[in-house]
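Right, one structure below, let's go through it.
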Amino acid sequence: MSSPPSSEHASSFPSPSPAEELSATQALWRIARALPIVERSYAIIRFMILRVKLLATMDLLLPAEGPILDVGCGFGLWSAYFSQMQPGRRIIGIDPNAHRIAMAQKVAAKLGVKTEFFAEDVRQTAARGPFRAVYLLDVLHHIPSADQVEVVSQLTDMLEEGGTLVIKDITTKPWLGLKFTEILDRAMVGMKEELAYRHHNEWSELLRDLGYSVRVVRVPDVLPYPHVIIAATKGKRPVVASSQSAVLN
């Protein structure tokens, strides 16, 4: 039986109120002011790409308290943001870049948010959970395609049953939007790194195979980024039948 089509309607996701969007904007500016000038410029560009409504929607999808894993946290921008929005959260950020982790720790200290950061690759992380939620914000397409499914399976093992996996990434249609995004990604990472974009329906099917219930929404933007948010709730992982035939007595 084929997987049901994924929902792409904004009505399937919570919608932030004007007051919530204002609060989100104020949180983002506090983060920018806590950064040195070079990193501040980078953060402002990221905040312009990821609009307040998008971030506020992700905030509503995450639990209001408990341990949450931020995969590929970089300078800790999103850990600091989501921690400010709900102080009951305890966010743990991992990233392989030690310089970025050191900066994330300084920003968190200035803002007084409840976060921890570790210089680790998600494929070799010591983090085990269980976490109430895990999120990847524009990270998956920077993980080689051969490793993506294994990484998501590993993160699934870290989630408690009923926990939430939130993925913000780039889908592959329309083609012009994908190419626009790829040009900007190449400007950031160069030509050697693999950029492994997948269509959101492919991700939905992979997540359902891992036992998740899945909701998807395409996020419109004034720029041609093909943003997509995938919110998946962990159920019981399907039992894989043994390849050996049962012996009947």
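Since every read-out is calculated from the coordinates, none of them should be taken as a lab result. On a predicted model such as this, the values are computed, not experimentally measured, just so you know. Cβ sites come from the backbone with ideal geometry, for glycine too, and all protein chains shown count toward neighbours.
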Contact order normalised by residue count of segment 119-197, Cα under 8 Å, 6+ apart, percent: 42
Sorted by Cβ density within 10 Å, fewest first, the residues Trp175, Trp29: Trp175, Trp29
Rounded to 5, the percent of DSSP beta bridges in the chain classed as antiparallel: 40
30 Å Cα cut-off, lysine pairs counted over the chain (separation 8 or more, or different chains): 19
Relative contact order of segment 10-234, pairs being alpha-carbon contacts under 8 Å that are 6 or more residues apart, as %: 18
Dipole-positive endmost among Gly190, Leu159, Gln148 within segment 10-234 (Cβ charges, Cα centre): Gly190
Cα Rg, Dmax, the chain, angstrom units: 18.3, 74
Helix 175-189 vs. the chain, principal-axis angle (Cα, 0 to 90°, nearest 10): 60
Debye, to nearest 20: dipole size of segment 19-137, +1 on Lys, Arg Cβ, -1 on Asp, Glu Cβ: 200
Helix-only CD estimate at 222 nm, as mean residue ellipticity for the chain, using -39500 (n - 2.57) per DSSP H run (n ≥ 4): -13000 deg cm²/dmol
Nearest 10 degrees, 0 to 90: helix 37-49 Cα axis against the chain principal axis: 50
